[in-house]
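The values are calculated or read from the model by the stated rules, or taken from the named source; none is laboratory data. Since this is a predicted model, take the numbers as computed values, not measurements. Positions of Cβ are backbone-derived with ideal geometry, glycine not excepted, and every protein chain shown enters the neighbour counts.
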Amino acid sequence: MEKELQPIHLLIVDDHQMIRDGIRVMLESQNTKYSFIIAEAENGEDAVKKTLRQQYDIVLIDYQLPKMTGAETVEKIILYQPKTKILALSNYDEVTYVNNMLNAGARGYILKNIEPAELLMAIKTILNNKPYYSNEVAVKLIENEKVKTKAVPADKFGLTERELLILKMITQEMSNDEIAGTLNVSKRTIDSHRRNLLYKLNAKNTAGLVKAAYQLKLI
């Protein structure tokens, strides 16, 4: 007897048919645990109308849309359907664009060069009420936060840039498996980085790492 797949109602919002088709193919190629029930919208207004008629588990939405920007669309969807989880999908990794989408209510931000397996990981992470960012986006957010808060330089504590990135992901409640999937490395590599972080920050566990990260202004 075949195992029943978990249905996920998903809306793709992008003004390019080729992009929508590509995402659909990517998701259908990953249908090992989930059964995606996919709808499409080519602009913000159409997306808002669709979310008023149908409750979607997750909405994938482009930053640049005709008639209404991605951020404006996110705000309206969240206003009418606050339980909807939104994942921004864009060609742009500039911090301003990312923050606009996150401030509007998106739970994550990924780039369109994403691989199918990572797209599925991003969707799973967002559905589990955790944020998800493409590696390039996560790095820029961290660098921007360091400049904004004038954080203590990570190298003062012997942290590498990769360790700092992983520390940021740990504070976002991401598991070692999720971090490994995001960074496209083995879980063993992340385990090693986590042990190094525990040693360098004199922490005993994950809670200690999170506490140290904020107290030392490393993120």
**OP:** Pairs only if they're at least six apart or on different chains, beta carbon under 7 angstrom, first in segment 191-202 and farther than 15 Å from THR171 by Cα, second assigned to a helix (DSSP H, G or I) and among the charged types (D, E, K, R); list them, first residue then second.
**Re:** ASN196/GLU163
**OP:** For segment 7-119, please list each of the helices (runs of 4 or more DSSP H) lying entirely inside it that holds at least 2 residues being in contact with a Gly (Cβ under 6 Å, 6 or more places away or on another chain).
**Re:** 70-80
Subject >> In segment 161-219, residue nearest to ILE126 (Cα to Cα) [restricted to those that are out of contact with any helix residue (DSSP H, G or I) (no Cβ under 8 Å at 6 or more places or on another chain) and assigned to a helix (DSSP H, G or I)] >> reply: ALA207
**OP:** Scan (1) crowded, with 16+ Cβ neighbours inside 10 Å; (2) within 28 Å of ASN113 (Cα to Cα); (3) at pLDDT 85 or above for the single condition ARG162 breaks and write down its number.
**Re:** (1)
Original post:
All but one of (1) under 24 Å from ASN135 (Cβ atoms); (2) in contact (Cβ under 8 Å) with a residue 24 or more places away in the chain; (3) of a type in the set (Val, Ile, Thr) hold for THR73; which doesn't?
Top reply: (1)
**OP:** List every residue pair whose Cβ atoms lie under 9 Å apart, where the two residues are 6 or more positions apart in sequence or sit on different chains, the first residue falls within segment 128-147 and is farther than 21 Å from VAL185 by Cβ, and the second residue, located anywhere, is modelled with pLDDT under 90 and of a type in the set (S, T, N, Q).
**Re:** ASN144/ASN99
Subject >> Looking only at segment 43-83, and only at residues there that are of a type in the set (S, T, N, Q) and under 23 Å from GLN17 (Cβ atoms), the one that is farthest from the chain's Cα centre (by Cα) >> reply: GLN54
